[in-house]
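To keep things clear, I will list the structure first and then write my remarks on it.
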Amino acid sequence: MTMETSPSRSRALTQPELQQFGAEIDALRARVQSDLGERDARYIRTVIKVQRWMEVTARAMLVAAGWFPPVWLLGALMLGITKILENMEIGHNVMHGQYDWMGDPHLNGKTYEWDIVGTADNWRKTHNFRHHTYTNIHGMDDDVGGYGVLRLFPEQKWHPANLFQPLYAVIFALLFQWGVAIQDLRLGRYFLGKISGKALLKQSIPTLKKARRQLVKDYVVFPLLAGPFFMPVLLGNLVANGIRNIWTYVIIFCGHFTDTVETFPRSVVKNESRAHWYLRQIRGSSNLKGGKLLNVMSGNLSFQIEHHLFPDIPANRYAEIAPEVQAICKRYGQHYSTGSFPRQFGSVVWRILRHSFPSQRAQEPEDLVLE
């Protein structure tokens, strides 16, 4: 099993070490699952309650801005925070099935629909299945290809258009929910003549309906309900969506595209064991050091390593799991990538800039596992 980026900071394992490593991760998972209960249910219900009350307050502030303009900025910021909470700490985690054990139909991972233009069904396909199964495998994980927008690794073919990707990156951040919405449509197939316009339109119908519903809600219904204060509410929704888009983009990129992440060729999936899969998750992810506020506002994706190892474990548990995962990694010589927000995001920005220009494909180092 080989990787195709910068030299690994982890050592190769022997087969007995690999088996023991996998067993320790499995044991940790089993222990946490057996302990799930009331405090986890209380946590997610509290987050939902806070998010809903904050949204009501924020929308009231946007209306009140018609009489007292200074509150508009606070209302737009608060609405942006509520959208982040719904998107990351609630929607993303619920759709992973983290709370299916509760039996609450409102928290069912297979039926939950979130507050962005992309459909939950497409996300469950592109993210829950494709990304989490084939994490960082070139040609199988769309995320590692910069969502089809950016060149982030030397294995991706360079094109002169990549010279402008710092600009693309900014636009992508501002419109991130739209990138999520169209990811599964694979529009490139149409331009390559691999799919007809009629077929693409048929495939796009659920996304178009969801996008229409979101646009009408944010930019027609709520502004009309504000009557003479139509514009402050419309602009507040626009800014709030932008805040959510940028924040989500930054958190996701910090978890996947720092300078220490490794990527892999398609060949790794051949006879890949569960323990191999664990190794790939650890080597292909990065954490963010912060506090409780960062954890909640990132949907606990500040613990991206733990999320990739245990995507269906309630994310509020990642903070207590992380030291044990880090200790296991240390025992087996596996690099555990973590760093401050400025450090990790800085490395992401450098990756975007560096691969805007032609770059040679890195040499493949030794296998992850010694035969």
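Every number here is computed from the coordinates shown, using simple stated rules; none is lab data. Since this is a predicted model, take the numbers as computed values, not measurements. Note that we place each Cβ from the backbone using ideal geometry, even for glycine, and neighbour counts take in every protein chain shown.
Quick rundown of the values:
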| item | result |
| --- | --- |
| Residue check, Ile84 assigned to a helix (DSSP H, G or I) and touching a Lys or Arg at 6+ places or on another chain (Cβ under 8 Å) | yes |
| Single condition Arg9 does not satisfy, out of (1) outside any helix (DSSP H, G or I); (2) in contact with a helix residue (DSSP H, G or I) (Cβ under 6 Å, 6 or more places away or on another chain); (3) not polar (S, T, N, Q) | (2) |
| Residues satisfying the stated conditions in region 98-125, i.e. surrounded by fewer than 16 Cβ atoms within 10 Å (Cβ to Cβ), assigned to a loop (DSSP other than H, G, I, E, B) and either in contact with a Cys (Cβ under 6 Å, 6 or more places away or on another chain) or charged (D, E, K, R) (or both) | Asp104, Lys110, Glu113 |
| Any hit, region 249-268, residues being in contact with a His (Cβ under 8 Å, 6 or more places away or on another chain), assigned to a loop (DSSP other than H, G, I, E, B) and among the β-branched types (Val, Ile, Thr) | yes |
| Exclusive hit being under 25 Å from Ile84 (Cα atoms) and touching a Ser or Thr at 6+ places or on another chain (Cβ under 8 Å), set Gly284, Gly291 | Gly284 |
| Filter pass, Tyr190 being hydroxyl-bearing (Ser, Thr, Tyr), touching a Leu at 6+ places or on another chain (Cβ under 6 Å) and under 30 Å from Ala60 (Cα atoms) | no |
| Residue that is farthest from His276 (Cα to Cα) [pool: residues in region 126-139 that are in a helix (DSSP H, G or I) and not aromatic (Phe, Trp, Tyr)] | Thr126 |
| Tally, over region 302-333, of residues that are under 19 Å from Ile44 (Cα atoms), touching an Asp or Glu at 6+ places or on another chain (Cβ under 9 Å) and of a type outside the set (Val, Ile, Thr) | 7 |
| 3 or more residues crowded, with 18+ Cβ neighbours inside 10 Å, touching a residue at least 60 places away in the same chain (Cβ under 8 Å) and under 26 Å from the mean Cα position of the chain (by Cα): qualifying helices (runs of 4 or more DSSP H) within region 140-235 | 165-174, 176-182, 197-216 |
| Among residues of region 283-337, those that are of a type in the set (D, E, K, R), outside any helix (DSSP H, G or I) and either surrounded by fewer than 16 Cβ atoms within 10 Å (Cβ to Cβ) or touching a Lys or Arg at 6+ places or on another chain (Cβ under 8 Å) (or both), counted | 1 |
| Members of region 109-126 found to be in contact with an Asp or Glu (Cβ under 8 Å, 6 or more places away or on another chain) and either under 13 Å from Pro311 (Cα atoms) or without any contact (Cβ under 8 Å) to a residue 12 or more places away in the chain (or both), listed by number | Gly109 |
